[in-house]
Amino acid sequence: MAEVLTLCVKQGENISISVSLTSGGVPFDLTNYDNITVEVKKAPYEKFEPIISKVITADSDMNTVGQITNPSQGIFQIRFTEEDTSYPATDYYLIIYLNGNGNSDIISSDCCNSAIFRVCPQ
């Protein structure tokens, strides 16, 4: 579903990033899914705890978490607060899970290509 993804933020900024999920060039319908979980980690291993974790739903707080804004078109917003973007400037690992229908699938990267959350200097 995904290609290599890099999200770039400036240190200390508040930012909402819009994401459009597609499959085969067609919008991916999120209507029957429970949520989207976004994690940022220092290493891409299951045993590492995330430094940022957000559970995004159609009702989640748009100001701190983000929200599924157009489920039938696969569109959601991820909100990164000043606290989220205040880590040292470097690359971190981004893991996005699509949860529902009894599954939890990583959709942020293909095979062993890691998605990146890049914190840039101001």
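Laboratory data are not the source of any read-out in this text; all were calculated from the coordinates shown. All figures in this text were calculated on a predicted structure; none of them were measured in a lab. Because the Cβ atoms are built from the backbone with ideal geometry, glycine has one as well, and the counts that use them run over all protein chains shown.
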field: Placed amide H near Gly66: partners under 5 Å, 5+ positions off or other chain
entry: Asp61, Arg79
field: Cβ-placed point charges (K, R +1; D, E -1), dipole of the chain about Cα centre in debye, nearest 20
entry: 220
- request: Can you grab the distance from the C-alpha centre of segment 40-56 to the C-alpha centre of segment 65-114, Å, no decimals?
  value: 10
field: 3J(HN,Hα) from dihedral phi, segment 30-40, Karplus parametrisation 6.51/-1.76/1.60, rounded to Hz, x for glycine, proline
entry: 9, 3, 9, 9, 6, 6, 10, 9, 10, 10, 10
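Using the per-residue mean of other Cβ atoms lying within 10 Å as a proxy for protection, in what order, highest first, do the peptides 94-100, 24-30 fall?
Descending mean neighbour count gives 94-100, 24-30.
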task: For Ile56, list long-range residues whose amide hydrogen, built 1.01 Å from N in the peptide plane, is under 5 Å from its own amide hydrogen.
output: Ile36, Thr37, Val38
task: Under 15 Å Cα to Cα from Lys10, which aspartates and glutamates show up? Leave out anything in the same chain fewer than 8 places away.
output: Glu82, Glu83, Asp84, Asp91
statement: Any residue on another chain or 5+ positions along whose placed amide H is under 5 Å from the amide H of Arg118 is listed here as Leu7, Cys8, Val9, Tyr92
- request: Please turn the phi angles of segment 81-96 into ³J(HN,Hα) values with the Karplus equation 6.51 cos²θ - 1.76 cosθ + 1.60 (θ = phi - 60°), one per residue in order, whole Hz, x for glycine and proline.
  value: 8, 4, 4, 5, 9, 8, 6, x, 5, 5, 8, 10, 8, 10, 10, 10
message: Name the residue from Pro71, Gly102, Ser86 whose Cα lies farthest towards the positive end of the charge dipole of the chain, charges +1 on Cβ of Lys and Arg and -1 on Cβ of Asp and Glu.
response: Ser86
- line: In the neighbourhood of Asp84 defined by beta carbon distances under 10 Å, the net charge of the other residues (Lys, Arg +1; Asp, Glu -1) is -1
query: Which label marks the calculated value of percent of Cα pairs over 20 Å apart, given the options [x] 36; [y] 40; [z] 50?
result: [y]
- line: For segment 7-17, Karplus-derived ³J(HN,Hα) couplings (6.51, -1.76, 1.60; θ = phi - 60°; whole Hz; x for glycine and proline) come out as 9, 10, 10, 8, 3, x, 8, 9, 8, 10, 10
